[in-house]
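Notes follow the structure.
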């Protein structure tokens, strides 16, 4: 029952806004009495936090190489924006309406956003990229911006652009391979020859 109520509330809050939707409407839409609703949620704030877990979100790829999974997250975002009634990031929407920093939903949003950054950071580390923390921040900003811009503009340009930039971020953060042994031997040989020529020229 609590999951069902939270699911109904999530749809209403996301579509109409937290302040525009009262507990009466949630209960009526769910076909319940307010008393039944309050048996499962002690307050509207608790209901908001529970509903946030069921708001629309992108499911990140679970298979492929770390780089494929990172870029796949942007592919999934594009598909998500194209095939849903997405009206914006629920984290942004909820945060804009919840001005109290200690609100349970605000704390949950912070936790969920950190999980997303951690996902990018883990994939960057697995891919052997330099500065995985910095890479994760860049990728998360790209993802967040593409999601917000896609909802406002009503097209996929931002998502496609974000994916291209994400590929550039990955490429620029990839380890530059060191010289091979053969290359190192050639370099030492050339350096030795140059030193001999210098000594001979001084005689």
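The values are calculated or read from the model by the stated rules, or taken from the named source; none is laboratory data. None of these values were measured; they are calculated from a predicted model. With ideal geometry, Cβ positions are generated from the backbone for all residues, glycine too; neighbour counts draw on all protein chains shown.
Within region 153-182, being in a loop (DSSP other than H, G, I, E, B) and either farther than 14 Å from residue 129 by Cβ or at pLDDT below 55 (or both) holds for 154, 155, 156, 177, 178, 179, 180. In the condition set (1) in contact with a helix residue (DSSP H, G or I) (Cβ under 6 Å, 6 or more places away or on another chain); (2) over 30 Å from residue 15 (Cβ atoms); (3) at pLDDT below 85, residue 185 is compliant with all but (1).
In summary, helices (runs of 4 or more DSSP H) completely within region 40-124 and bearing 3 or more residues that are closer than 27 Å to residue 9 by Cα and assigned by TED's automatic domain parsing to the domain that holds residue 27 occur at 44-52. Considering region 1-19, the residues that are in a loop (DSSP other than H, G, I, E, B) and under 28 Å from the mean Cα position of the chain (by Cα) include one that is surrounded by the fewest Cβ atoms within 10 Å (Cβ to Cβ), namely 19.
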